[in-house]
Amino acid sequence: MGFISTGALDDSRVRQVAEGMVCARHRGPDDTDVWHDDRACFGFNRLSIIDIENSNQPLRWGPPEDPERYAMVFNGEIYNYVELRAMLAADSGAVFHTEGDGEAIVAGYHYHGPRWVKQLRGMFAFIIWDTRDKVIFGARDWFGIKPLYLAQTADGFGFASEAKSLRALTGPAVVDRTALQHYLVLQYVPEPESADANLRRIESGTSFMVRDGELTTNRYFYPRFQPARVRGPEAENELYDQIREVLDDSVAKHMRADVTVGAFLSGGIDSTAIAAMAKTYNPDLLTFTTGFEREGYSEVDVAVESARAIGVEHIVRTVSEEELFETLPLIVWYLDDPVADPALVPLYFVAREARKHVKVVLSGEGADELFGGYNIYREPLSLRPLTTLPNPLRQGLAAVGRALPQGFRGKDMLRRGSLDLEERYYGNARIFREEQLASVLDTYSSEVSFRDVTDPVYDASQGWDPISRMQHIDLFTWLRGDILVKADKVTMANSLELRVPFLDKEVFEVARHLPVSQRITRNQSKVALRKALEPVVPAHVLNRRKLGFPVPIRVYLRDDYGYGWAREIIEKAQTTDYIDPAAALALLDEHRAGKVDNSRRVWTLLVFMLWHDIFVTQTIKPEVPTPTYPVRL
């Protein structure tokens with residue numbers, strides 16, 4: 001956490017930074033410290049991973065003539081720090097005082113300026129204070145793996161990994177009504193918004209400066225898919241070798257740590273590939289998975305078989321229905337912003353189990369967005385007979401579709417085939433449609449649309465093929481709004497660092513040039529990745545559809561326990577200024593009666609209600625466990 005004052009730093013701000021650090025103790029239980037000068041105050045909770053004895057933060061560094069010129073706080077890991085330190089020492093004469101990765105950031109900034117951020121291979125959110133020039137420079141990593149919240153006050157700027165830390169500066173949360181409407185459609189709050197109107201987020205792939213009380217931002221990374229042509233079996237085999245080699249190199253660098261590294265292992269190809277490659281660098285690798293007792297909602301058996309095939313020890317955590325519901329308020333507290341992805345719950349429990357054994361885990365996030373893994377990416381192929389028709393004919397077929405009864409096969413296909421890509425695709429989650437939203441959200445505005453979020457992204461991909469455009473949308477919406485938020489928040493809730501080797505700038509450089517046919521066909525996803533991983537993953541996984549961590553909320557919200565739990569939250573929630581409780585209860589009752597599956601819509605409302613009553617009215621106060629992990633593990 002950091003606060004940069006526009007004038008002389010008030011002592012109260014120093015106390016508020018210290019208070020903010022207490023809220024985020026779970027992110028770093030090994031050490032905590034606060035530093036300040038006359039303008040800036042930095043606080044840091046450390047999870048010791050690299051150079052455990054040293055590399056404490058806030059980090060002070062400078063050239064020999066001014067050895068404490070800079071102060072820095074940094075969340076994340078720089079995986080190519082060994083190479084960067086060697087380069088800086090050889091080319092610039094940089095002198096280092098630790099063996100850690102943090103000095104590679106600040107020394108590089110000193111010698112090369114803001115462009116140095118493009119050399120960093122890793123996950124990071126950092127701020128650097130130049131005590132001589134009175135300038136802040138900071139950045140967030142390429143894909144948004146690590147979070148960074150921003151609060152602008154009358155006397156300065158606050159930055160933190162946790163929104164709750166900044167509320168020491170801003171007070172209780174205030175609902176951002178636009179963000180709420182986006183959340184109910186997308187199931188997350190899109191960057192740079194926050195559900196709290198007092199806060200915003202620094203976007204992924206963005207650096208920034210604060211000089212003379214003014215904040216400016218610069219997008220240093222804009223992902224672009226540029227499919228290349230690959231002709232002939234020999235060229236294809238070279239491509240598969242290239243994918244395998246760059247991924248293996250990424251895994252090797254992600255294994256750099258002075259503590260034990262494990263891996264999450266589901267039943268899909270992504271996590272299995274990461275675990276298999278990691279095993280070559282740690283023969284004693286531990287892997288972890290989770291599931292539910294209910295049939296059809298667990299990949300445990302497949303994961304166990306995969307662990308046996310690649311020769312790793314495997315640990316399973318089973319989650320009960322009662323645990324799911326009882327723990328949700330605590331998980332929402334950790335989240336900071338509402339995210340209505342039910343997979344958060346099993347991920348939280350498997351992270352808690354993993355932390356008993358390791359301090360770092362690898363996982364397979366990002367493979368779907370980079371290599372074309374979602375089934376929805378096939379839609380441009382299946383809809384082509386409709387989307388290539390003249391527009392009047394498309395609209396006529398849409399009218400036919402509207403006349404068909406609900407549930408009639410092909411009805412939704414006719415509707416979607418009549419829509420342009422920009423209108424029908426706004427990411428992997430689609431919770432409330434406009435007509436549904438208007439009936440439940442009392443603050444609904446027809447002036448707010450998901451297209452406010454997606455249109456700027458689509459504008460940057462004009463002329464691309466539709467599948468690349470869909471992947472591009474997901475990099476800016478679904479990936480950084482849902483996947484990476486839950487990955488960071490619920491693992492760090494357990495003081496566990498999660499690393500994602502697929503989301504590496506060198507891996508992306510290979511993936512972005514894949515021909516569309518090497519990503520998606522009518523019958524298969526991740527075509528090139530599957531071929532590349534044939535020598536790596538077991539045969540039973542290679543072509544299996546990934547389920548991730550399936551959660552039985554559809555079933556649970558219909559039984560007595562889950563229904564009663566949900567009804568109580570709706571009836572007690574102090575959200576009547578936003579959500580019509582009668583409409584919410586009607587959705588729940590309709591779901592319980594089996595008339596329609598409203599489980600995701602009900603869940604989305606429940607998560608917001610919990611978030612609101614935790615952070616706005618503060619009428620719900622989850623019991624937050626005190627981190628008690630050892631310094632070394």
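The values are calculated or read from the model by the stated rules, or taken from the named source; none is laboratory data. Given the structure is predicted, the values throughout are model-derived calculations rather than measurements. A quick note on method: Cβ atoms are made from the backbone with ideal geometry, for glycine too, and the neighbour counts reach across all protein chains shown.
Looking at (1) more than 21 Å from Asp270 (Cα to Cα); (2) surrounded by 15 or more Cβ atoms within 10 Å (Cβ to Cβ), find the lone condition where Ala367 falls short.
Answer for Ala367: the failing condition is (1).
Considering only region 509-524, state which residues are crowded, with 23+ Cβ neighbours inside 10 Å and hydrophobic (A, V, I, L, M, F, W, C).
Within region 509-524, Ala511, Leu514, Ile520 qualify.
Does region 380-389 include one or more residues that are buried (at least 17 other Cβ atoms within 10 Å of the Cβ), modelled with pLDDT under 95 and closer than 28 Å to Val189 by Cα?
There is at least one residue in region 380-389 that is buried (at least 17 other Cβ atoms within 10 Å of the Cβ), modelled with pLDDT under 95 and closer than 28 Å to Val189 by Cα.
Counting just the residues of region 225-267 that are in a loop (DSSP other than H, G, I, E, B) and in contact with a helix residue (DSSP H, G or I) (Cβ under 8 Å, 6 or more places away or on another chain), which one comes out nearest to Glu353 (Cα to Cα)?
Of everything passing the filter in region 225-267, Leu265 is nearest to Glu353 (Cα to Cα).
Inside region 98-110, can you point out the residues that are of a type outside the set (Ser, Thr, Tyr) and closer than 18 Å to Trp129 by Cβ?
Correct list: Gly102, Glu103, Ala104, Ile105, Val106, Ala107, Gly108, His110.
Would you mind finding the one in Ser92, Ser55, Ser48 that is within 22 Å of Tyr111 (Cβ to Cβ) and at pLDDT below 95?
Only one candidate passes the filter, namely Ser55.
Which number in (1) free of Cβ contacts under 8 Å to residues at least 60 places away in the same chain; (2) part of a helix (DSSP H, G or I) marks the one condition that Val316 misses?
It fails just one condition, (2).
Those residues that are of a type in the set (D, E, K, R) and under 18 Å from Glu65 (Cβ atoms), I need them from region 121-133; list them, please.
Across region 121-133, the qualifying residues are Asp130, Arg132, Asp133.
Take region 106-120 and flag every residue that is crowded, with 23+ Cβ neighbours inside 10 Å and over 13 Å from Tyr70 (Cβ atoms).
Val117, Leu120
State whether the residues of region 268-291 include one that is part of a loop (DSSP other than H, G, I, E, B) and aliphatic (A, V, I, L, M).
Yes.
From the list Val607, Val596, Val602, which residue is among the β-branched types (Val, Ile, Thr) and modelled with pLDDT under 95?
The unique qualifying residue is Val596.
Tell me, yes or no, whether region 391-403 has at least one residue that is among the hydrophobic types (A, V, I, L, M, F, W, C) and part of a loop (DSSP other than H, G, I, E, B).
no
Could you name every one of the helices (runs of 4 or more DSSP H) located completely within region 459-577 that has at least 2 residues being under 29 Å from Thr619 (Cα atoms)?
484-492, 553-556, 560-572
Which pairs turn up if I take residues in region 1-29 that are closer than 30 Å to Val490 by Cβ and free of Cβ contacts under 8 Å to residues at least 24 places away in the same chain and look for partners that are part of a helix (DSSP H, G or I) and of a type in the set (Ser, Thr, Tyr) with beta carbon separation below 9 Å, at least 6 apart in sequence or on another chain?
Taking only residues 6 or more apart or on different chains, the pairs are Val22/Ser165.
Look through Asp412, Asp482, Asp452, Asp420 and report the one residue that is within 30 Å of Ala583 (Cα to Cα), in contact with a helix residue (DSSP H, G or I) (Cβ under 9 Å, 6 or more places away or on another chain) and at pLDDT below 95.
Asp412
Considering only region 243-266, state which residues are crowded, with 24+ Cβ neighbours inside 10 Å and either basic (Lys, Arg) or out of contact with any Pro (no Cβ under 6 Å at 6 or more places or on another chain) (or both).
Those that are crowded, with 24+ Cβ neighbours inside 10 Å and either basic (Lys, Arg) or out of contact with any Pro (no Cβ under 6 Å at 6 or more places or on another chain) (or both): Leu247, Gly262, Ala263, Phe264, Leu265, Ser266.
Looking at region 271-293, I want the residues that are closer than 21 Å to Pro535 by Cα and in the same structural domain as Val316 (by TED's automatic domain parsing) and have a partner that is in a loop (DSSP other than H, G, I, E, B) and among the basic types (Lys, Arg) with Cβ atoms under 9 Å, at least 6 apart or on another chain. Which pairs are those?
Ser271/Lys546
Do you know which of the residues in region 327-364 that are touching a Lys or Arg at 6+ places or on another chain (Cβ under 8 Å) and among the hydroxyl-bearing types (Ser, Thr, Tyr) is surrounded by the fewest Cβ atoms within 10 Å (Cβ to Cβ)?
Here the residue is Tyr334.
Exactly one of these conditions fails for Leu393: (1) in the same structural domain as Pro515 (by TED's automatic domain parsing); (2) surrounded by fewer than 19 Cβ atoms within 10 Å (Cβ to Cβ); (3) not acidic (Asp, Glu). Give me its number.
Failed condition: (1).
Restricting the first residue to region 517-530 and requiring it to be free of Cβ contacts under 8 Å to residues at least 12 places away in the same chain, which pairs with a second residue that is surrounded by fewer than 22 Cβ atoms within 10 Å (Cβ to Cβ) meet a Cβ separation below 9 Å and a spacing of at least six or different chains?
That search, which allows pairs on different chains as well, returns Ser517/Pro227; Ser517/Val230; Ser517/Val527; Asn523/Arg378.
Examine region 74-83 for a residue that is surrounded by 18 or more Cβ atoms within 10 Å (Cβ to Cβ), farther than 15 Å from Phe124 by Cα and modelled with pLDDT of 95 or more, and state whether such a residue exists.
no
Counting residues that are in contact with a strand residue (DSSP E or B) (Cβ under 9 Å, 6 or more places away or on another chain) and under 24 Å from Leu503 (Cβ atoms), which helices (runs of 4 or more DSSP H) fully inside region 1-114 reach at least 1?
In region 1-114, 81-92, 102-112 are the helices (runs of 4 or more DSSP H) which contain 1 or more residues that are in contact with a strand residue (DSSP E or B) (Cβ under 9 Å, 6 or more places away or on another chain) and under 24 Å from Leu503 (Cβ atoms).
Looking at Asp465, Asp488, Asp482 in this structure, which one is surrounded by fewer than 21 Cβ atoms within 10 Å (Cβ to Cβ) and charged (D, E, K, R)?
Sole residue among the options that is surrounded by fewer than 21 Cβ atoms within 10 Å (Cβ to Cβ) and charged (D, E, K, R): Asp465.
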